[in-house]
Amino acid sequence: MLDLGFIHLSPFYELTSLLVLAATVGFLGLLLRQPMIVSFIAAGILAGPSALGIVQAGDNIKLLAELGVAVLLFLVGLKLDLNLIRTLGVVSLATGLGQVLFTSIVGFAIGMALGLDTVTSLYVAVALTFSSTIIIVKLLSDKREVDSLHGRIAVGFLIVQDLVVVLAMMALSAFGLGAQTADGNGALMQIATVMMYGIAMLVLIGIFIRFLATPLMGRIARSPELMIIFAISWAALLAALGSYFGFSKELGGLLAGVSLASTPFRESIVARLSSLRDFLLLFFFIALGTQLDLSLLGAQIVPALIFSLFVLIGNPLIVMAIMGYMGYRKRTGFLAGLTVAQISEFSLIFIAMGLSLGHVSTDALGLVTLVGLITIALSVYMITYSHTLYRWLEPALSLFERKVPYREEIFEQQQNTEQPYDVILFGIGRFGAAIADHLRKDNFRVLAIDFNPDEVRAWQRRGFDAVYGDACDQDFIASLPLENAKWVIAAMPQHDLGLTHEDPRLALIAGLKTRNFSGKIAVSTHHPRDVAALKKKGADLVLLPFYDASEKAVEKIKTYSE
(Lines give C-alpha, C1' and ligand atoms only; values in the text may rest on other atoms or scores of the structure.)
Protein backbone atom coordinates (compact mmCIF):
# COMPACT_ATOMS: atom_id res chain seq x y z
CA MET A 1 0.00 0.00 0.00
CA LEU A 2 1.24 3.54 -0.76
CA ASP A 3 2.86 5.17 2.28
CA LEU A 4 0.57 8.06 3.16
CA GLY A 5 1.63 8.34 6.79
CA PHE A 6 2.30 12.08 6.55
CA ILE A 7 -1.43 12.66 5.99
CA HIS A 8 -2.19 11.54 9.54
CA LEU A 9 0.13 14.10 11.16
CA SER A 10 -2.83 16.48 11.33
CA PRO A 11 -6.63 16.19 10.94
CA PHE A 12 -6.36 19.14 8.56
CA TYR A 13 -4.02 17.18 6.29
CA GLU A 14 -6.44 14.26 6.34
CA LEU A 15 -9.42 16.46 5.54
CA THR A 16 -7.49 18.14 2.73
CA SER A 17 -6.56 14.74 1.28
CA LEU A 18 -10.20 13.65 1.32
CA LEU A 19 -11.33 16.81 -0.45
CA VAL A 20 -8.64 16.47 -3.13
CA LEU A 21 -9.50 12.78 -3.61
CA ALA A 22 -13.25 13.53 -3.82
CA ALA A 23 -12.66 16.36 -6.30
CA THR A 24 -10.42 14.15 -8.47
CA VAL A 25 -12.78 11.17 -8.48
CA GLY A 26 -15.74 13.51 -9.00
CA PHE A 27 -14.05 15.11 -12.00
CA LEU A 28 -13.35 11.71 -13.53
CA GLY A 29 -16.99 10.76 -12.89
CA LEU A 30 -18.10 13.95 -14.62
CA LEU A 31 -16.00 13.12 -17.67
CA LEU A 32 -17.58 9.65 -17.71
CA ARG A 33 -21.07 11.18 -17.16
CA GLN A 34 -21.54 9.33 -13.87
CA PRO A 35 -23.77 10.60 -11.03
CA MET A 36 -21.81 12.46 -8.36
CA ILE A 37 -23.13 10.22 -5.58
CA VAL A 38 -21.46 7.19 -7.19
CA SER A 39 -18.21 9.14 -7.50
CA PHE A 40 -18.27 10.23 -3.86
CA ILE A 41 -19.00 6.72 -2.59
CA ALA A 42 -16.13 5.47 -4.76
CA ALA A 43 -13.91 8.14 -3.17
CA GLY A 44 -14.98 6.84 0.24
CA ILE A 45 -14.04 3.26 -0.71
CA LEU A 46 -10.65 4.46 -1.97
CA ALA A 47 -10.11 6.43 1.25
CA GLY A 48 -11.17 3.48 3.43
CA PRO A 49 -9.17 0.63 4.97
CA SER A 50 -9.59 -1.58 1.87
CA ALA A 51 -7.57 0.81 -0.35
CA LEU A 52 -5.54 3.92 0.52
CA GLY A 53 -6.36 3.98 4.24
CA ILE A 54 -6.59 7.79 4.34
CA VAL A 55 -9.38 7.99 6.92
CA GLN A 56 -8.19 7.56 10.47
CA ALA A 57 -9.88 10.50 12.17
CA GLY A 58 -13.23 8.84 11.59
CA ASP A 59 -14.96 10.83 14.31
CA ASN A 60 -14.31 14.09 12.46
CA ILE A 61 -15.76 12.72 9.22
CA LYS A 62 -18.73 11.27 11.10
CA LEU A 63 -19.43 14.62 12.75
CA LEU A 64 -19.51 16.47 9.42
CA ALA A 65 -21.62 13.69 7.91
CA GLU A 66 -24.18 13.87 10.72
CA LEU A 67 -24.42 17.65 10.40
CA GLY A 68 -24.98 17.22 6.65
CA VAL A 69 -27.78 14.73 7.30
CA ALA A 70 -29.43 17.15 9.74
CA VAL A 71 -29.26 20.02 7.21
CA LEU A 72 -30.57 17.81 4.37
CA LEU A 73 -33.63 16.61 6.30
CA PHE A 74 -34.16 20.14 7.62
CA LEU A 75 -34.44 21.44 4.04
CA VAL A 76 -36.84 18.61 3.18
CA GLY A 77 -38.97 19.51 6.19
CA LEU A 78 -39.11 23.13 5.02
CA LYS A 79 -40.95 21.92 1.91
CA LEU A 80 -43.59 20.09 3.95
CA ASP A 81 -46.65 21.56 5.58
CA LEU A 82 -49.22 20.14 7.94
CA ASN A 83 -51.90 19.95 5.23
CA LEU A 84 -49.56 17.92 2.99
CA ILE A 85 -48.72 15.56 5.84
CA ARG A 86 -52.43 15.01 6.50
CA THR A 87 -53.09 14.43 2.79
CA LEU A 88 -50.28 11.96 2.12
CA GLY A 89 -50.07 10.41 5.58
CA VAL A 90 -52.32 7.47 4.77
CA VAL A 91 -50.57 6.42 1.57
CA SER A 92 -47.12 6.95 3.12
CA LEU A 93 -48.00 4.81 6.12
CA ALA A 94 -49.63 2.06 4.06
CA THR A 95 -46.84 1.98 1.47
CA GLY A 96 -44.05 2.14 4.03
CA LEU A 97 -45.42 -0.58 6.29
CA GLY A 98 -46.58 -2.72 3.36
CA GLN A 99 -43.16 -2.61 1.73
CA VAL A 100 -41.41 -3.49 5.02
CA LEU A 101 -43.76 -6.42 5.60
CA PHE A 102 -43.60 -7.93 2.10
CA THR A 103 -39.85 -7.40 1.74
CA SER A 104 -39.23 -9.09 5.09
CA ILE A 105 -41.38 -12.10 4.19
CA VAL A 106 -39.97 -12.61 0.69
CA GLY A 107 -36.41 -11.84 1.80
CA PHE A 108 -36.68 -14.42 4.58
CA ALA A 109 -37.91 -17.03 2.10
CA ILE A 110 -35.00 -16.26 -0.26
CA GLY A 111 -32.53 -16.57 2.60
CA MET A 112 -33.90 -19.95 3.64
CA ALA A 113 -33.85 -21.15 0.01
CA LEU A 114 -30.18 -20.14 -0.24
CA GLY A 115 -29.34 -22.29 2.75
CA LEU A 116 -28.93 -19.58 5.38
CA ASP A 117 -29.97 -20.49 8.90
CA THR A 118 -33.21 -19.10 10.33
CA VAL A 119 -31.70 -16.31 12.42
CA THR A 120 -29.39 -15.10 9.63
CA SER A 121 -32.26 -15.21 7.11
CA LEU A 122 -34.36 -13.10 9.46
CA TYR A 123 -31.60 -10.53 9.99
CA VAL A 124 -30.85 -10.25 6.26
CA ALA A 125 -34.55 -9.99 5.40
CA VAL A 126 -35.08 -7.12 7.85
CA ALA A 127 -31.91 -5.39 6.62
CA LEU A 128 -33.27 -5.47 3.04
CA THR A 129 -36.31 -3.42 4.05
CA PHE A 130 -34.33 -0.26 4.86
CA SER A 131 -33.78 2.28 2.07
CA SER A 132 -31.43 5.24 2.30
CA THR A 133 -33.47 8.38 2.96
CA ILE A 134 -30.34 10.50 2.59
CA ILE A 135 -29.37 9.21 -0.85
CA ILE A 136 -32.94 9.33 -2.19
CA VAL A 137 -33.66 12.84 -0.97
CA LYS A 138 -30.36 14.06 -2.41
CA LEU A 139 -31.16 12.51 -5.81
CA LEU A 140 -34.71 13.90 -5.81
CA SER A 141 -33.38 17.32 -4.82
CA ASP A 142 -30.85 17.26 -7.65
CA LYS A 143 -33.66 16.40 -10.09
CA ARG A 144 -35.99 18.99 -8.49
CA GLU A 145 -38.55 16.28 -7.81
CA VAL A 146 -38.88 16.53 -4.02
CA ASP A 147 -41.98 18.69 -4.58
CA SER A 148 -43.53 16.34 -7.13
CA LEU A 149 -46.30 13.98 -6.07
CA HIS A 150 -44.12 10.86 -6.32
CA GLY A 151 -41.30 12.67 -4.52
CA ARG A 152 -43.49 13.64 -1.60
CA ILE A 153 -44.98 10.18 -1.29
CA ALA A 154 -41.48 8.69 -1.41
CA VAL A 155 -40.24 11.00 1.35
CA GLY A 156 -43.29 10.05 3.39
CA PHE A 157 -42.81 6.29 3.25
CA LEU A 158 -39.03 6.64 3.68
CA ILE A 159 -39.72 8.42 6.96
CA VAL A 160 -42.04 5.53 7.91
CA GLN A 161 -39.14 3.19 7.11
CA ASP A 162 -36.87 5.25 9.36
CA LEU A 163 -39.34 4.81 12.21
CA VAL A 164 -39.31 1.05 11.64
CA VAL A 165 -35.48 1.15 11.64
CA VAL A 166 -35.49 2.99 14.95
CA LEU A 167 -37.94 0.53 16.52
CA ALA A 168 -36.02 -2.49 15.19
CA MET A 169 -32.70 -1.22 16.51
CA MET A 170 -34.21 -0.25 19.85
CA ALA A 171 -35.75 -3.69 20.19
CA LEU A 172 -32.46 -5.34 19.25
CA SER A 173 -30.48 -3.17 21.66
CA ALA A 174 -32.97 -3.76 24.45
CA PHE A 175 -32.96 -7.48 23.69
CA GLY A 176 -29.20 -7.53 24.15
CA LEU A 177 -29.48 -5.52 27.36
CA GLY A 178 -32.30 -7.75 28.58
CA ALA A 179 -30.22 -10.85 27.90
CA GLN A 180 -27.51 -9.42 30.13
CA THR A 181 -29.83 -8.27 32.92
CA ALA A 182 -32.50 -10.98 32.63
CA ASP A 183 -35.07 -8.21 32.24
CA GLY A 184 -37.65 -9.43 29.72
CA ASN A 185 -39.55 -6.10 29.71
CA GLY A 186 -36.56 -4.00 28.65
CA ALA A 187 -37.56 -3.64 25.00
CA LEU A 188 -41.17 -2.68 25.72
CA MET A 189 -40.14 -0.11 28.32
CA GLN A 190 -37.62 1.46 25.98
CA ILE A 191 -40.11 1.67 23.11
CA ALA A 192 -42.78 3.16 25.37
CA THR A 193 -40.32 5.75 26.67
CA VAL A 194 -39.29 6.80 23.16
CA MET A 195 -42.95 7.11 22.14
CA MET A 196 -43.62 9.33 25.14
CA TYR A 197 -40.67 11.56 24.25
CA GLY A 198 -41.84 11.68 20.64
CA ILE A 199 -45.35 12.81 21.58
CA ALA A 200 -43.96 15.46 23.90
CA MET A 201 -41.66 16.76 21.15
CA LEU A 202 -44.53 16.91 18.63
CA VAL A 203 -46.62 18.91 21.10
CA LEU A 204 -43.79 21.39 21.66
CA ILE A 205 -43.20 21.71 17.90
CA GLY A 206 -46.92 22.37 17.41
CA ILE A 207 -46.84 25.16 19.99
CA PHE A 208 -43.73 26.62 18.36
CA ILE A 209 -45.39 26.62 14.91
CA ARG A 210 -48.58 28.19 16.24
CA PHE A 211 -47.17 30.97 18.37
CA LEU A 212 -43.42 31.52 17.88
CA ALA A 213 -42.14 30.50 14.43
CA THR A 214 -43.22 33.47 12.29
CA PRO A 215 -42.60 36.32 14.77
CA LEU A 216 -39.25 34.85 15.81
CA MET A 217 -38.08 34.40 12.21
CA GLY A 218 -39.34 37.91 11.39
CA ARG A 219 -36.90 39.35 13.91
CA ILE A 220 -34.02 37.03 13.04
CA ALA A 221 -34.40 37.63 9.29
CA ARG A 222 -33.33 41.26 9.74
CA SER A 223 -29.82 39.84 9.65
CA PRO A 224 -29.36 37.31 6.80
CA GLU A 225 -26.21 35.98 8.46
CA LEU A 226 -28.04 35.36 11.74
CA MET A 227 -30.93 33.70 9.90
CA ILE A 228 -28.58 31.10 8.38
CA ILE A 229 -26.79 30.49 11.69
CA PHE A 230 -30.15 30.07 13.43
CA ALA A 231 -31.41 27.68 10.75
CA ILE A 232 -28.33 25.45 11.04
CA SER A 233 -28.38 25.53 14.83
CA TRP A 234 -32.12 24.76 14.92
CA ALA A 235 -31.65 21.80 12.57
CA ALA A 236 -28.69 20.52 14.62
CA LEU A 237 -30.52 21.04 17.93
CA LEU A 238 -33.63 19.08 16.98
CA ALA A 239 -31.51 16.40 15.29
CA ALA A 240 -29.51 16.07 18.52
CA LEU A 241 -32.71 15.89 20.58
CA GLY A 242 -34.10 13.28 18.21
CA SER A 243 -30.97 11.19 18.63
CA TYR A 244 -30.92 11.67 22.41
CA PHE A 245 -34.56 10.68 22.82
CA GLY A 246 -34.08 7.63 20.60
CA PHE A 247 -35.95 8.43 17.36
CA SER A 248 -32.99 9.32 15.12
CA LYS A 249 -31.27 12.47 13.91
CA GLU A 250 -33.11 12.24 10.58
CA LEU A 251 -36.53 12.63 12.15
CA GLY A 252 -35.30 15.41 14.41
CA GLY A 253 -33.89 17.35 11.47
CA LEU A 254 -37.11 16.83 9.51
CA LEU A 255 -39.20 18.19 12.41
CA ALA A 256 -36.94 21.25 12.56
CA GLY A 257 -37.75 21.98 8.94
CA VAL A 258 -41.48 21.35 9.36
CA SER A 259 -41.53 23.77 12.29
CA LEU A 260 -40.39 26.62 9.99
CA ALA A 261 -42.25 25.52 6.84
CA SER A 262 -45.19 27.82 7.55
CA THR A 263 -43.02 30.96 7.76
CA PRO A 264 -42.52 33.27 4.77
CA PHE A 265 -38.75 32.86 5.01
CA ARG A 266 -38.45 29.21 4.06
CA GLU A 267 -37.50 29.78 0.41
CA SER A 268 -34.73 32.14 1.43
CA ILE A 269 -33.36 29.58 3.88
CA VAL A 270 -33.48 26.81 1.27
CA ALA A 271 -31.62 28.92 -1.28
CA ARG A 272 -28.88 29.89 1.17
CA LEU A 273 -28.34 26.44 2.66
CA SER A 274 -28.36 24.30 -0.49
CA SER A 275 -24.63 24.67 -1.21
CA LEU A 276 -23.69 23.99 2.42
CA ARG A 277 -25.89 20.88 2.34
CA ASP A 278 -24.07 19.52 -0.71
CA PHE A 279 -20.66 20.15 0.86
CA LEU A 280 -21.53 18.45 4.15
CA LEU A 281 -23.20 15.50 2.44
CA LEU A 282 -19.93 14.80 0.67
CA PHE A 283 -18.66 13.53 4.02
CA PHE A 284 -21.71 11.35 4.48
CA PHE A 285 -21.01 9.55 1.22
CA ILE A 286 -17.30 9.30 2.03
CA ALA A 287 -18.18 7.84 5.44
CA LEU A 288 -20.55 5.40 3.76
CA GLY A 289 -17.82 4.32 1.34
CA THR A 290 -15.33 3.75 4.14
CA GLN A 291 -17.80 1.44 5.90
CA LEU A 292 -17.90 -0.91 2.91
CA ASP A 293 -15.17 -3.32 4.03
CA LEU A 294 -14.31 -5.20 0.84
CA SER A 295 -12.30 -7.83 2.75
CA LEU A 296 -15.56 -9.29 4.12
CA LEU A 297 -17.09 -10.08 0.73
CA GLY A 298 -15.45 -13.46 0.25
CA ALA A 299 -17.68 -16.06 -1.39
CA GLN A 300 -20.89 -14.03 -1.06
CA ILE A 301 -21.14 -12.94 -4.69
CA VAL A 302 -23.88 -15.36 -5.84
CA PRO A 303 -26.28 -14.89 -2.88
CA ALA A 304 -25.54 -11.14 -2.96
CA LEU A 305 -26.55 -10.96 -6.63
CA ILE A 306 -29.80 -12.82 -5.89
CA PHE A 307 -30.67 -10.53 -2.98
CA SER A 308 -29.64 -7.48 -5.03
CA LEU A 309 -31.99 -8.45 -7.87
CA PHE A 310 -34.80 -8.80 -5.35
CA VAL A 311 -34.10 -5.34 -3.91
CA LEU A 312 -33.64 -3.70 -7.34
CA ILE A 313 -36.74 -5.28 -8.91
CA GLY A 314 -38.89 -6.74 -6.13
CA ASN A 315 -39.01 -3.71 -3.83
CA PRO A 316 -40.20 -1.30 -6.57
CA LEU A 317 -42.84 -3.84 -7.68
CA ILE A 318 -44.12 -4.11 -4.11
CA VAL A 319 -44.47 -0.32 -3.87
CA MET A 320 -46.12 -0.12 -7.31
CA ALA A 321 -48.66 -2.79 -6.37
CA ILE A 322 -49.58 -1.01 -3.12
CA MET A 323 -49.83 2.43 -4.73
CA GLY A 324 -51.77 1.10 -7.70
CA TYR A 325 -54.26 -0.56 -5.36
CA MET A 326 -54.61 2.72 -3.44
CA GLY A 327 -55.57 4.60 -6.61
CA TYR A 328 -52.38 6.09 -8.01
CA ARG A 329 -51.26 6.02 -11.61
CA LYS A 330 -48.63 3.56 -12.76
CA ARG A 331 -46.20 6.37 -13.50
CA THR A 332 -46.41 7.78 -9.98
CA GLY A 333 -46.07 4.31 -8.51
CA PHE A 334 -43.08 3.50 -10.74
CA LEU A 335 -41.17 6.70 -9.92
CA ALA A 336 -41.88 6.34 -6.21
CA GLY A 337 -41.06 2.63 -6.27
CA LEU A 338 -37.57 3.22 -7.66
CA THR A 339 -36.67 5.01 -4.43
CA VAL A 340 -36.68 1.70 -2.51
CA ALA A 341 -34.40 -0.09 -4.99
CA GLN A 342 -31.42 -0.02 -2.63
CA ILE A 343 -30.57 -0.78 0.98
CA SER A 344 -29.48 1.76 3.55
CA GLU A 345 -26.45 2.50 5.65
CA PHE A 346 -28.73 1.44 8.52
CA SER A 347 -28.81 -2.04 7.01
CA LEU A 348 -25.07 -2.35 7.68
CA ILE A 349 -25.50 -0.99 11.20
CA PHE A 350 -28.36 -3.40 11.88
CA ILE A 351 -26.33 -6.43 10.78
CA ALA A 352 -23.32 -5.16 12.74
CA MET A 353 -25.50 -5.05 15.86
CA GLY A 354 -26.51 -8.65 15.24
CA LEU A 355 -22.85 -9.56 14.86
CA SER A 356 -21.96 -7.88 18.16
CA LEU A 357 -24.74 -9.85 19.89
CA GLY A 358 -23.43 -13.11 18.42
CA HIS A 359 -26.59 -13.74 16.36
CA VAL A 360 -24.90 -13.69 12.94
CA SER A 361 -21.41 -14.25 11.55
CA THR A 362 -19.07 -12.00 9.57
CA ASP A 363 -20.33 -13.79 6.42
CA ALA A 364 -23.73 -12.14 6.94
CA LEU A 365 -22.09 -8.73 7.32
CA GLY A 366 -20.10 -9.35 4.12
CA LEU A 367 -23.27 -10.41 2.30
CA VAL A 368 -25.23 -7.29 3.27
CA THR A 369 -22.21 -5.09 2.53
CA LEU A 370 -22.00 -6.44 -1.01
CA VAL A 371 -25.77 -6.08 -1.51
CA GLY A 372 -25.47 -2.48 -0.33
CA LEU A 373 -22.63 -1.76 -2.72
CA ILE A 374 -24.50 -3.24 -5.70
CA THR A 375 -27.93 -1.78 -5.00
CA ILE A 376 -26.80 1.72 -4.06
CA ALA A 377 -24.65 2.03 -7.18
CA LEU A 378 -27.32 0.69 -9.58
CA SER A 379 -30.29 2.44 -7.97
CA VAL A 380 -28.57 5.80 -8.37
CA TYR A 381 -28.61 5.24 -12.13
CA MET A 382 -32.20 3.97 -12.03
CA ILE A 383 -33.42 7.11 -10.26
CA THR A 384 -31.23 9.46 -12.30
CA TYR A 385 -32.70 8.06 -15.53
CA SER A 386 -36.12 7.20 -14.11
CA HIS A 387 -38.15 8.87 -16.86
CA THR A 388 -36.25 7.06 -19.59
CA LEU A 389 -36.78 3.76 -17.78
CA TYR A 390 -40.48 4.51 -17.52
CA ARG A 391 -40.79 5.16 -21.25
CA TRP A 392 -39.15 1.80 -21.93
CA LEU A 393 -41.28 -0.15 -19.47
CA GLU A 394 -44.58 1.74 -19.70
CA PRO A 395 -46.47 -0.86 -21.81
CA ALA A 396 -45.79 -3.57 -19.22
CA LEU A 397 -46.82 -1.49 -16.19
CA SER A 398 -50.58 -1.25 -16.76
CA LEU A 399 -51.05 -4.16 -14.35
CA PHE A 400 -50.18 -1.75 -11.54
CA GLU A 401 -52.86 0.82 -12.28
CA ARG A 402 -56.57 0.91 -11.55
CA LYS A 403 -58.92 1.69 -14.37
CA VAL A 404 -59.75 4.91 -12.51
CA PRO A 405 -56.78 6.18 -10.42
CA TYR A 406 -59.14 8.03 -8.13
CA ARG A 407 -56.72 9.08 -5.41
CA GLU A 408 -54.29 10.83 -7.73
CA GLU A 409 -57.15 12.83 -9.18
CA ILE A 410 -57.26 14.69 -5.86
CA PHE A 411 -54.08 16.41 -7.01
CA GLU A 412 -55.24 16.85 -10.56
CA GLN A 413 -57.92 19.44 -10.08
CA GLN A 414 -60.98 18.95 -12.19
CA GLN A 415 -60.56 20.58 -15.56
CA ASN A 416 -62.92 21.16 -18.41
CA THR A 417 -61.11 19.85 -21.43
CA GLU A 418 -63.64 21.59 -23.67
CA GLN A 419 -62.52 24.97 -22.37
CA PRO A 420 -60.37 26.57 -25.09
CA TYR A 421 -57.04 28.07 -24.05
CA ASP A 422 -54.72 30.28 -26.05
CA VAL A 423 -51.64 29.39 -24.01
CA ILE A 424 -50.72 26.32 -21.97
CA LEU A 425 -47.95 27.20 -19.54
CA PHE A 426 -45.80 24.61 -17.75
CA GLY A 427 -44.21 25.94 -14.59
CA ILE A 428 -45.67 28.69 -12.38
CA GLY A 429 -42.60 29.68 -10.43
CA ARG A 430 -41.47 33.30 -10.46
CA PHE A 431 -40.71 33.43 -14.20
CA GLY A 432 -43.75 31.41 -15.26
CA ALA A 433 -46.09 33.36 -12.99
CA ALA A 434 -44.83 36.66 -14.42
CA ILE A 435 -45.42 35.39 -17.96
CA ALA A 436 -48.95 34.28 -17.04
CA ASP A 437 -49.78 37.65 -15.46
CA HIS A 438 -48.70 39.59 -18.54
CA LEU A 439 -50.52 37.24 -20.90
CA ARG A 440 -53.76 37.52 -18.93
CA LYS A 441 -53.50 41.31 -18.98
CA ASP A 442 -53.45 41.03 -22.77
CA ASN A 443 -56.60 38.85 -22.63
CA PHE A 444 -54.89 35.56 -23.40
CA ARG A 445 -56.66 32.56 -21.90
CA VAL A 446 -53.95 30.72 -19.95
CA LEU A 447 -53.96 27.23 -18.46
CA ALA A 448 -51.13 26.93 -15.94
CA ILE A 449 -49.60 23.54 -15.09
CA ASP A 450 -47.18 22.63 -12.34
CA PHE A 451 -46.10 19.41 -10.61
CA ASN A 452 -46.08 21.13 -7.22
CA PRO A 453 -49.59 20.83 -5.72
CA ASP A 454 -48.97 23.83 -3.45
CA GLU A 455 -48.25 26.09 -6.42
CA VAL A 456 -51.38 24.83 -8.17
CA ARG A 457 -53.57 25.49 -5.13
CA ALA A 458 -52.07 28.97 -4.64
CA TRP A 459 -52.71 29.81 -8.31
CA GLN A 460 -56.28 28.57 -8.09
CA ARG A 461 -56.90 30.65 -4.97
CA ARG A 462 -56.10 33.67 -7.13
CA GLY A 463 -58.94 32.62 -9.40
CA PHE A 464 -56.79 31.36 -12.28
CA ASP A 465 -57.04 28.09 -14.18
CA ALA A 466 -54.34 25.68 -13.03
CA VAL A 467 -53.95 21.91 -12.87
CA TYR A 468 -51.44 19.53 -11.39
CA GLY A 469 -49.32 17.76 -14.00
CA ASP A 470 -45.86 16.77 -15.15
CA ALA A 471 -44.24 17.70 -18.47
CA CYS A 472 -42.59 14.26 -18.59
CA ASP A 473 -45.91 12.41 -18.36
CA GLN A 474 -46.91 11.60 -21.94
CA ASP A 475 -50.39 10.45 -20.86
CA PHE A 476 -50.98 13.80 -19.20
CA ILE A 477 -49.85 15.70 -22.30
CA ALA A 478 -52.27 13.64 -24.36
CA SER A 479 -55.14 14.74 -22.08
CA LEU A 480 -54.50 18.47 -22.52
CA PRO A 481 -56.79 20.74 -24.56
CA LEU A 482 -54.23 21.34 -27.30
CA GLU A 483 -56.62 21.80 -30.21
CA ASN A 484 -57.11 25.57 -29.83
CA ALA A 485 -53.86 26.45 -28.10
CA LYS A 486 -51.59 28.82 -30.01
CA TRP A 487 -48.64 28.40 -27.66
CA VAL A 488 -47.24 25.88 -25.21
CA ILE A 489 -44.62 27.49 -22.97
CA ALA A 490 -42.13 25.60 -20.81
CA ALA A 491 -40.96 27.76 -17.90
CA MET A 492 -40.05 24.99 -15.46
CA PRO A 493 -37.13 25.27 -13.02
CA GLN A 494 -33.90 24.01 -14.54
CA HIS A 495 -30.83 22.17 -13.31
CA ASP A 496 -27.30 22.65 -14.58
CA LEU A 497 -26.72 19.16 -15.94
CA GLY A 498 -27.13 20.25 -19.54
CA LEU A 499 -29.63 18.94 -22.06
CA THR A 500 -30.22 15.25 -21.35
CA HIS A 501 -32.99 12.75 -22.01
CA GLU A 502 -34.22 13.49 -18.46
CA ASP A 503 -34.81 17.17 -19.25
CA PRO A 504 -38.57 17.89 -18.93
CA ARG A 505 -38.37 20.50 -21.69
CA LEU A 506 -37.19 17.91 -24.20
CA ALA A 507 -39.81 15.43 -22.96
CA LEU A 508 -42.50 18.07 -23.42
CA ILE A 509 -41.36 18.94 -26.94
CA ALA A 510 -41.29 15.26 -27.91
CA GLY A 511 -44.75 14.69 -26.42
CA LEU A 512 -46.23 17.65 -28.28
CA LYS A 513 -44.68 16.50 -31.55
CA THR A 514 -46.08 13.00 -31.00
CA ARG A 515 -49.57 14.54 -30.55
CA ASN A 516 -49.12 16.59 -33.75
CA PHE A 517 -49.47 19.88 -31.89
CA SER A 518 -49.99 22.57 -34.52
CA GLY A 519 -49.20 25.62 -32.37
CA LYS A 520 -45.90 27.17 -31.36
CA ILE A 521 -43.57 25.91 -28.61
CA ALA A 522 -41.55 28.24 -26.40
CA VAL A 523 -39.03 27.05 -23.82
CA SER A 524 -36.84 28.92 -21.36
CA THR A 525 -33.17 28.39 -20.61
CA HIS A 526 -30.53 30.13 -18.53
CA HIS A 527 -27.77 29.13 -20.93
CA PRO A 528 -27.36 30.74 -24.39
CA ARG A 529 -25.36 27.67 -25.45
CA ASP A 530 -28.60 25.63 -25.34
CA VAL A 531 -30.54 27.84 -27.77
CA ALA A 532 -29.47 26.12 -30.98
CA ALA A 533 -29.96 22.63 -29.53
CA LEU A 534 -33.46 23.45 -28.25
CA LYS A 535 -34.50 24.89 -31.61
CA LYS A 536 -33.12 21.82 -33.33
CA LYS A 537 -35.26 19.65 -31.05
CA GLY A 538 -38.38 21.56 -32.09
CA ALA A 539 -38.69 24.76 -30.04
CA ASP A 540 -40.01 27.69 -32.06
CA LEU A 541 -38.89 30.27 -29.52
CA VAL A 542 -36.23 30.07 -26.81
CA LEU A 543 -36.57 32.49 -23.91
CA LEU A 544 -33.50 33.68 -21.99
CA PRO A 545 -34.97 35.21 -18.81
CA PHE A 546 -31.90 37.15 -17.69
CA TYR A 547 -30.85 38.29 -21.16
CA ASP A 548 -34.39 39.20 -22.18
CA ALA A 549 -34.91 41.15 -18.96
CA SER A 550 -31.61 43.00 -19.37
CA GLU A 551 -32.52 43.92 -22.95
CA LYS A 552 -35.87 45.27 -21.80
CA ALA A 553 -34.15 47.19 -19.01
CA VAL A 554 -31.75 48.82 -21.50
CA GLU A 555 -34.72 49.85 -23.69
CA LYS A 556 -36.36 51.53 -20.68
CA ILE A 557 -33.12 53.24 -19.76
CA LYS A 558 -32.79 54.60 -23.31
CA THR A 559 -36.40 55.79 -23.26
CA TYR A 560 -35.94 57.71 -20.02
CA SER A 561 -32.63 59.14 -21.27
CA GLU A 562 -34.22 60.76 -24.32
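The values are calculated or read from the model by the stated rules, or taken from the named source; none is laboratory data. Note that the structure is a prediction, hence the values are computed from the model and not measured. We place every Cβ from the backbone using ideal geometry, glycine too, and count neighbours over all the protein chains shown.
Quick rundown of the values:
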{"item": "Subset of region 339-367 that is aliphatic (A, V, I, L, M) and within 22 Å of residue 66 (Cβ to Cβ) - its residue that is modelled with the highest pLDDT", "result": "343"}
{"item": "Single condition residue 366 does not satisfy, out of (1) more than 26 Å from residue 151 (Cβ to Cβ); (2) buried (at least 23 other Cβ atoms within 10 Å of the Cβ)", "result": "(2)"}
{"item": "Among (1) farther than 28 Å from residue 146 by Cβ; (2) modelled with pLDDT of 85 or more, the one test that residue 550 misses", "result": "(2)"}
{"item": "Residue match in region 330-343 (condition: over 18 Å from the mean Cα position of the chain (by Cα) and surrounded by fewer than 20 Cβ atoms within 10 Å (Cβ to Cβ))", "result": "no"}
{"item": "Residue in region 306-316 that is under 30 Å from residue 362 (Cα atoms), at pLDDT below 85 and in a helix (DSSP H, G or I) present", "result": "no"}
{"item": "One residue from 52, 63 being of a type in the set (A, V, I, L, M, F, W, C), assigned to a helix (DSSP H, G or I) and either closer than 23 Å to residue 380 by Cα or not assigned by TED's automatic domain parsing to the domain that holds residue 369 (or both)", "result": "63"}
{"item": "Criterion: touching a helix residue (DSSP H, G or I) at 6+ places or on another chain (Cβ under 6 Å) and either closer than 18 Å to residue 146 by Cβ or in contact (Cβ under 8 Å) with a residue 12 or more places away in the chain (or both) - qualifying residue of 424, 435, 477", "result": "477"}
{"item": "Flag for residue 496 being at pLDDT below 80 and exposed (fewer than 15 other Cβ atoms within 10 Å of the Cβ)", "result": "yes"}
{"item": "Odd one out for residue 323 among (1) assigned to a helix (DSSP H, G or I); (2) farther than 30 Å from residue 399 by Cβ", "result": "(2)"}
{"item": "All positions within region 283-305 that are surrounded by 18 or more Cβ atoms within 10 Å (Cβ to Cβ), among the small types (Gly, Ala, Ser) and either modelled with pLDDT under 75 or under 19 Å from residue 55 (Cα atoms) (or both)", "result": "287, 289"}
{"item": "Test for residue 243: is it under 20 Å from residue 158 (Cα atoms), assigned by TED's automatic domain parsing to the domain that holds residue 152 and surrounded by fewer than 18 Cβ atoms within 10 Å (Cβ to Cβ)", "result": "yes"}
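Every residue, every condition in (1) on the phi > 0 side of the Ramachandran plot; (2) of a type in the set (A, V, I, L, M); (3) modelled with pLDDT under 80, yes or no:
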| position | (1), (2), (3) |
| --- | --- |
| 448 | no, yes, no |
| 454 | no, no, yes |
| 459 | no, no, no |
| 464 | no, no, no |
| 467 | no, yes, yes |
| 471 | no, yes, no |
| 474 | no, no, yes |
| 477 | no, yes, no |
| 484 | no, no, no |
